[in-house]
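Right, one structure below, let's go through it.
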Amino acid sequence: MRRRVPATTEVLGDPRLQAAAARLGRSIVKDAVRGALDRARTGELLADQVPQAVLAELPATAASLQRVLNATGVVVHTNLGRAPLSAAAVAAVQEAAGATNVEFDLATGQRARRGDGARNALAAAVPEAEDVHVVNNGAAALALATAALAAGREVVVARGEMVEIGDGFRIPELLESAGARLREVGTTNRVHLADYAAALSPATGFVLKVHPSNFVVRGFTATTTVAELADLAVPIVYDIGSGLLRPHPRLPEEPDIASALRAGADLVTTSGDKLLGGPQCGLLLGRAAVVGPARRHPLARALRTDKLTLAALEATLRGPLPPVAAALATDPATLAQRAERITAELAAGGVDAEPVPTAAAVGGGGAPGVQLSSAAVSLPSALATRLRAGMPPVVGRVERGRLLLDVIAIDPGDDDTLVDAVRAAAKD
Ligand SMILES: *Cc1c(COP(=O)(O)O)cnc(C)c1O
C-alpha cells in the first residue's frame, strides 16, 4: 500500500531546506527531496523524517566534486586530483574568484599584462630561467613548445622516451598533433649522443628529452644526459614532468627544473602540480629566445590559464610548503606515531585496528619505483566500501585481505576526521 506523504513543495517549505536551496540551488535540493519522498512511499522513511534525511545527504557544494581523504599511500594520486592545494593557494583562489586585477594595473587604471604575479613568482623561484610562461597543463606546455619550435620540422627523440603519460595519451602523438615529425633515435633500452648527432639535419626543430616519470627501465641501459646533449647545435627541450624546482633529497633520480637548465637545457616543460604541489598547469622555463616565440604563438591563447590557476600557482610558489612537499618531508617516525594514535583511538572504541608499516609511493607525480617509508592503520577490508560512501569519503587500499589507511597523504589536521569516519563506518 502506498503511504501518504507530503507534496514536494510542502517539504521544500522547511526553512532549513530553503536555506540549503539558497546555498546550493533549488534543483539539487528538489531532487534530494523527491528521492527521500520515494523512500517514504515505500516505507523506508517516516514522512516526518524526510527533511532530516534530505539535509543529511545534500552535497557540500553545488558541484559533484567533493573533498576526499586520500589514505591510499600514493602522495600524488591522479584519480584523486593529483596535488592538494596549500591553504595559501586555496585562500588565493577564493580571493581571485570574483572581480580581480588579473589584467589590470590598479595604480594607473590601465590594462596590464595578464598573470604577471604568477610569472614573477615562478621567475623568482627559478633564477636559472631567462623567461617563463604558464599554460593549462604539462601536455599543453609541450604542445606549445612543439608548435612554436618544430611545426613542419623534426623532433629528435629517443625510442626509450616515447612515453604514454596516462589515460591513453602518448607524447609522440602529442608532438605529431602539434605539427612536428618524429625522428626516433636509439633503441628501447639504449641511446647515445652519437645517435642524436647523426639524426640532426636542417629539418631539426629541437631535440627532446622526456623523463619517464611513470616507469623504470633496469638492466643493460644507457641514456644521454642533458649536459651531453647541450653540445648539439639545436635547441634542447626537456620534459621533466613533475615540476620539481630543485633537487629533492628523498628523490635522487627525479630531474628538477633548476638542474636541467644549469646543465644546458634551452627549455624545460613540466606540470605545475605533481611534485611542485600547485594547481594543475603547465610551465615553460628557459632561454628568452625559446620561451618568447612560444608565448607569442597563436596557440598560446588557446592554452591560456584562468585567473584561479594563476592565483593558486603564485600562492604555491610564494607561500608556505604545499602539502605534497610537506608529506615528502615528514619523517617515517612521525608517520608511525600518527598511525599509532589513530589506531589507539579506534581500538578504544572496539574497532579491529592495528598500526602497520607501509611502503608508500609518490605516484602519478613522478619518482617511479621510489618507496617511501610510511605507516597505516590496518582495518577489516569490509570497511572499504562504507568508508568510500562516508562524508567525507575515505579512500584506502586493500592489501592481503586488510584495508590499509596510509597516513602519508593525509593532512595531520584531518587525523581526527579520519578517526570519526572509521568509527561511523564501523558502526553501520
Ligand atoms: C605528467 C607528465 C606530462 C603531462 O602533464 P599534465 O600536466 O598531466 O598534462 C607530460 N610529460 C611527463 C614526463 C609527465 O610526467
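The values are calculated or read from the model by the stated rules, or taken from the named source; none is laboratory data. It should be emphasised that the depicted structure is a prediction, and the values quoted were computed from it without experimental measurement. Don't worry about glycine lacking a Cβ; one is built from the backbone with ideal geometry, like all the others, and counts go over all protein chains shown.
Of the residues making up the stretch 302-314, those that are out of contact with any Leu (no Cβ under 7 Å at 6 or more places or on another chain) and either assigned to a loop (DSSP other than H, G, I, E, B) or over 17 Å from residue 274 (Cβ atoms) (or both) are 302, 304, 305, 306, 307, 308, 310, 311, 314. A search for C-beta distances below 6 Å between a residue of the stretch 111-135 that is touching a residue at least 24 places away in the same chain (Cβ under 8 Å) and within 16 Å of residue 311 (Cα to Cα) and any residue that is in a helix (DSSP H, G or I) and among the β-branched types (Val, Ile, Thr), counting only pairs 6+ apart in sequence or on different chains, returns 133/291. For the stretch 178-188, enumerate the residues that are closer than 15 Å to residue 207 by Cβ and assigned to a loop (DSSP other than H, G, I, E, B). Residues satisfying the conditions are 180, 186.
What do you reckon, is residue 406 within 26 Å of residue 277 (Cβ to Cβ), crowded, with 19+ Cβ neighbours inside 10 Å and of a type in the set (Asp, Glu)? Yes: the conditions hold for residue 406.
None of 407, 351 is over 21 Å from residue 84 (Cα atoms) and of a type in the set (Val, Ile, Thr) except 351. Here is a check on your reading of the model: is residue 298 away from the ligand (no atom under 15 Å from the Cβ), at pLDDT 95 or above and in contact with a Leu (Cβ under 9 Å, 6 or more places away or on another chain)? Judged against the criteria, residue 298 is not a match. Listed by first and then second residue, the pairs linking a residue in the stretch 261-287 that is closer than 24 Å to residue 149 by Cα and among the aliphatic types (A, V, I, L, M) to a residue that is in a loop (DSSP other than H, G, I, E, B) and within 10 Å of the ligand (Cβ to nearest atom), with Cβ atoms under 7 Å apart and 6 or more places separating them unless they lie on different chains, are 283/243; 283/272. Within the stretch 95-153, the residues that satisfy the criterion of being polar (S, T, N, Q) and either modelled with pLDDT under 95 or touching a Gly at 6+ places or on another chain (Cβ under 8 Å) (or both) are 136, 137, 146. Among the residues of the stretch 328-338, is there at least one that is within 16 Å of the ligand (Cβ to nearest atom) and within 30 Å of residue 253 (Cβ to Cβ)? No, the stretch 328-338 contains no residue that is within 16 Å of the ligand (Cβ to nearest atom) and within 30 Å of residue 253 (Cβ to Cβ).
Conditions (1) closer than 30 Å to residue 376 by Cβ; (2) free of Cβ contacts under 8 Å to residues at least 60 places away in the same chain, marked per residue:
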position	(1), (2)
8	no, yes
18	no, yes
26	no, yes
64	yes, yes
86	yes, no
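Among the candidates 76, 93, the residue that is part of a strand (DSSP E or B) and touching a helix residue (DSSP H, G or I) at 6+ places or on another chain (Cβ under 9 Å) is uniquely 76. Within the stretch 347-364, can one find any residue that is part of a helix (DSSP H, G or I), more than 20 Å from residue 78 (Cα to Cα), among the aliphatic types (A, V, I, L, M) and away from the ligand (no atom under 16 Å from the Cβ)? Yes, the stretch 347-364 has at least one match. Checking each residue of the stretch 39-48 against the condition of being within 23 Å of residue 273 (Cα to Cα) and either of a type in the set (D, E, K, R) or touching an Asp or Glu at 6+ places or on another chain (Cβ under 7 Å) (or both) gives no match. Among the residues of the stretch 280-289, which ones are surrounded by fewer than 23 Cβ atoms within 10 Å (Cβ to Cβ) and either part of a helix (DSSP H, G or I) or within 14 Å of the ligand (Cβ to nearest atom) (or both)? Selection gives 280, 288, 289. Within the stretch 301-311, being within 14 Å of the ligand (Cβ to nearest atom) and of a type in the set (A, V, I, L, M) holds for one residue alone: 303. Residue check: is residue 205 touching a residue at least 12 places away in the same chain (Cβ under 8 Å) and at positive phi? Judged against the criteria, residue 205 is not a match. When every residue of the stretch 407-427 is checked against the conditions, at least one turns out to be over 22 Å from the mean Cα position of the chain (by Cα), over 14 Å from residue 342 (Cα atoms) and at pLDDT below 95. Pairs are defined by a Cβ separation below 9 Å, a sequence spacing of at least 6 or placement on different chains, a first member in the stretch 156-182 that is on the phi > 0 side of the Ramachandran plot, and a second member that is of a type in the set (A, V, I, L, M, F, W, C) and assigned to a helix (DSSP H, G or I); the pairs so defined are 179/147; 179/150.
Among the residues of the stretch 341-379, those identified as hydroxyl-bearing (Ser, Thr, Tyr) and free of Cβ contacts under 8 Å to residues at least 60 places away in the same chain are 343, 373, 378. Checking the structure you have, find out if any residue of the stretch 369-376 is in a loop (DSSP other than H, G, I, E, B), surrounded by fewer than 18 Cβ atoms within 10 Å (Cβ to Cβ), of a type outside the set (A, V, I, L, M, F, W, C) and within 16 Å of the ligand (Cβ to nearest atom). Yes; the residues of the stretch 369-376 include at least one that is in a loop (DSSP other than H, G, I, E, B), surrounded by fewer than 18 Cβ atoms within 10 Å (Cβ to Cβ), of a type outside the set (A, V, I, L, M, F, W, C) and within 16 Å of the ligand (Cβ to nearest atom).
Among the residues of the stretch 101-115, those that are loosely packed, with under 14 Cβ neighbours inside 10 Å and part of a loop (DSSP other than H, G, I, E, B) comprise 101, 103, 105, 106, 107, 108, 109, 110, 113.
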